[in-house]
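Okay, structure first, notes after.
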Amino acid sequence: MQISLDGRTALVTGSTQGIGAAIAAGLAEAGARVAVNGRDAVRTEEAVERLRSRVPGGELFSAPGDLATDEGLAEVLDRLPQTDILVNSLGIFGARPALEIDDAEWRRYFEVNVLTAVRLIRAYLPSMKERGWGRVLNIASDSAVVIPAEMIQYGMSKTALLAVSRGFAKEAAGTGVTVNSVIAGPTHTGGVEEFVYDLVGKDLPWDEAQRAFMREYRPQSLIQRLIEPEEIAHLVVYLSSPLASATTGGALRVDGGYVDSILP
């Protein structure tokens with residue numbers, strides 16, 4: 001099976017590092033022209049240069065803007081008035097005791113993790129429908145289904161993304177545009193190694209350390225290791241391709257079997 005996104009343009013939000021950066025690289029490797037997004041213009045351009053070194057010959061460009069603000073949204077839309085593929089990867093997370101989450105924090109998580117995706121879909125979906133082809137992917141989390149007690153504000157926002165995806169898939173029904181969410185499981189991203197070593201000790205090699213962490217702290221994982229960002233990117237690239245034309249309105253899991261259910 002060969003995936004080609006030649007001639008397609010993609011926007012990946014929150015793509016200067018981690019899962020978003022891996023998705024941007026994967027789409028570029030498949031031939032797409034990829035807009036890399038971050039809040040800071042300088043750091044976004046630096047991320048583009050790093051990604052170009054990962055994908056020699058890949059067509060990547062900077063589309064900076066803080067999408068949680070009207071000004072940042074306008075900046076991105078001015079840089080990229082339309083796109084064939086929209087990947088909403090932008091998100092924030094953090095631990096906080098449930099009763100200490102104030103109204104401002106609830107609003108911030110909803111604004112950043114949900115409304116940024118809604119606003120971009122609202123901006124790009126009409127032209128996708130007119131052209132008769134498009135892909136919208138919202139990056140959710142296992143926390144959308146298994147709500148973490150230590151960060152229910154994050155879990156709430158990712159649950160909302162599942163509803164957003166299903167609803168907009170209905171809006172795009174019969175147009176050739178698909179809308180899906182991707183449920184990512186525990187992932188090896190920046191800062192996670194330090195977090196793991198703090199819990200299991202620094203004496204073990206990384207592979208053993210992460211497996212010890214998963215056995216003790218994430219025992220429901222069936223692969224018993226952290227997921228690499230590229231593994232999430234593989235599913236996103238497939239869903240972005242013409243090969244996934246019959247997959248829409250879904251919540252597709254790349255969680256290593258973390259969610260203990262046969263359905264999301």
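The values are calculated or read from the model by the stated rules, or taken from the named source; none is laboratory data. On a predicted model such as this, the values are computed, not experimentally measured, just so you know. Cβ: placed from backbone, ideal geometry, glycine included. Neighbour counts: every protein chain shown. When the accessible area is computed, the model is the full protein with side chains, heavy atoms only, and any ligands, DNA or RNA have been set aside. Shrake-Rupley method; radii C 1.70, N 1.55, O 1.52, S 1.80 Å.
Of note:
- Residues that are touching an Asp or Glu at 6+ places or on another chain (Cβ under 8 Å) and at pLDDT 90 or above within the stretch 194-208 comprise V200, W206, listed in sequence order.
- Here A144, A68, A98, A63 are screened, and the one residue that is over 25 Å from L5 (Cα atoms), in contact with a Lys or Arg (Cβ under 6 Å, 6 or more places away or on another chain) and aliphatic (A, V, I, L, M) is A144.
- Tally of residues being small (G, A, S), under 25 Å from A244 (Cβ atoms), open to solvent by 40 Å² or more (accessible area, probe 1.4 Å) and outside any helix (DSSP H, G or I) across the stretch 138-175: 2
- Near pairs, Cβ below 7 angstrom, 6+ apart or cross-chain, from the stretch 93-109 (outside any helix (DSSP H, G or I)) to any residue that is hydroxyl-bearing (S, T, Y): F93/Y154
- Pair list, Cβ < 7 Å and 6+ apart or interchain, from the stretch 232-259 residues that are under 20 Å from D6 (Cβ atoms) to residues that are of a type in the set (F, W, Y): A244/Y238
- Residue list for the stretch 117-137, filter: open to solvent by less than 10 Å² (accessible area, probe 1.4 Å) and either among the β-branched types (V, I, T) or not assigned by the TED database to the domain that holds S181 (or both): I121, V136
- Restricting the stretch 181-191 to residues that are in a loop (DSSP other than H, G, I, E, B) and on the phi < 0 side of the Ramachandran plot, the residue that is most open to solvent (accessible area, probe 1.4 Å): G190
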